Structure formats: C-alpha cells, structure tokens
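So the structure is just underneath, and the comments pick up after that.
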Amino acid sequence: MKRTVKKKVDGKRGAVQRKAKRAAKPAAKPAAKPAAKPAAKPAAKPAAKPAAKPAAAPTARTTSSLLQTIDLPARPEAVYRAYLDAAEHSRFTGGLARIDARVGGRFEAWDGYLTGRFTELVPAARIVQTFRMGNWDDADGDSTLELALAPTKHGTRITMSHDGVPAARAAVIDEGWVEYYWEPLRRYLAE
C-alpha cells in the first residue's frame, strides 16, 4: 500500500491540512521492503521547536576589589558631612541624593541609580555601606564600600576600599569614582 500526501488549504484560517490517499501496492515489489512509507519523519525533524532551556540558577559571580587614595582640600568633618548630607551630596554630584545618615539607614544617589545601606558610621573618620548600581545583574550581590578619612596637613586623605564589585564592571567603576565623585567633591570643597 502506498500513501501519498496532498495539501489542502482551509480558506477560513489558511491552515494547511494533510489528507492521505491510499493506492494499491504494486505486485512486483519484494515483500522484504517496508509496506508503507511514513508521511513525515518525526525522528529526523521535530514538529515544533524544542522548549527553551530553563534559566540556570544564579551562580557565584567573579568580583573585584578597588582601592583608591584621594587627597581633598578640607577637614575630615567637612568631607564626612558632604558625603552624608543629602543636599550637599546632591550639589557636588549633580544628581539627586536621599540619605538617611544612621546605621541601617538607606543611601540613594544619582537619582536612585546608586543604592545601599549604612553598616558603620564613625563621625569624621569612617563610612561603611552596602553599595550597588542600577545596571548590575540581579545575580550580582551588593558590594561593600568603605571610606576611611584621615586628617592631613592640607585637608583629608580618603582611603576607599570597594569590595565585591562585579569583575566585568570593575574598570569602569574604578574610573567612575574619580570622574563622578572625587573630582567633583574636590572642586566643591575648594569653593
């Protein structure tokens, strides 16, 4: 028995329907060959695309640590206040800041692009906070930012330690601290 496949178009939906016709098997064919040829080969060509692989569970990300030393022309008290006072922070960065300057308080800067919580505050000496940027992946954990302030002959030396930064973004973030924080803060404090 031979099967032929005809295509018929359904005028209502434009869907293709398949209709099989049976024809008599020629007598000359040997009995050892298969009696019928399948209309489609499901093993060779799947009927539909396989489903997308399920999303993998978040894995540990590679992180980097950044270390910078910055000398500023103001006493540690002024530097500490400029970083933690929302109005001053907004003035020197140029972006809106919302800061609850207490341990456990929230930190938002650059119109909410930077966020975190303060974990340690020592007036005029030390600021420690969690820190993340709005463009980080969900799988990236919060980083830890520590600013240690020490008086110098001409003002303040900040030693910044930024740990847990996504490695793929570390170089840009390292440059960003200088361009968007330390240089504007230096100009602001010199006024």
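The values are calculated or read from the model by the stated rules, or taken from the named source; none is laboratory data. As the structure is a prediction and not an experimental result, all values here were calculated from the model. Methodologically, a virtual Cβ is constructed for each residue, glycine included, from the backbone with ideal geometry; neighbour enumeration extends over all protein chains shown. Keep in mind that these areas ignore ligands, DNA and RNA; they rest on the heavy atoms of the full protein, side chains included. Shrake-Rupley method; radii C 1.70, N 1.55, O 1.52, S 1.80 Å.
Please list, ordered by chain and number, the residues whose modelled amide H lies under 5 Å from the amide H of R98; skip anything fewer than 5 residues away on the same chain.
Here E108, A109 satisfy the definition.
Could you order D140, D100 by accessible surface area, starting with the largest, using a probe radius of 1.4 Å?
D100, D140
Under 5 Å between amide H atoms, partner at least 5 residues away or on a different chain: which partners does R126 have, H built in plane at 1.01 Å?
Correct list: L149.
Just to verify a number: FRET efficiency for R157 and D111, C-beta to C-beta distance, R0 = 25 Å, to 0.05?
FRET efficiency, R157 to D111: 0.30.
How much FRET efficiency would the formula 1/(1 + (r/R0)^6) give for V103 and T63, where r is the Cβ-Cβ distance and R0 is 22 Å, rounded to 0.05?
Given R0 = 22 Å and the Cβ-Cβ separation, E is 0.35.
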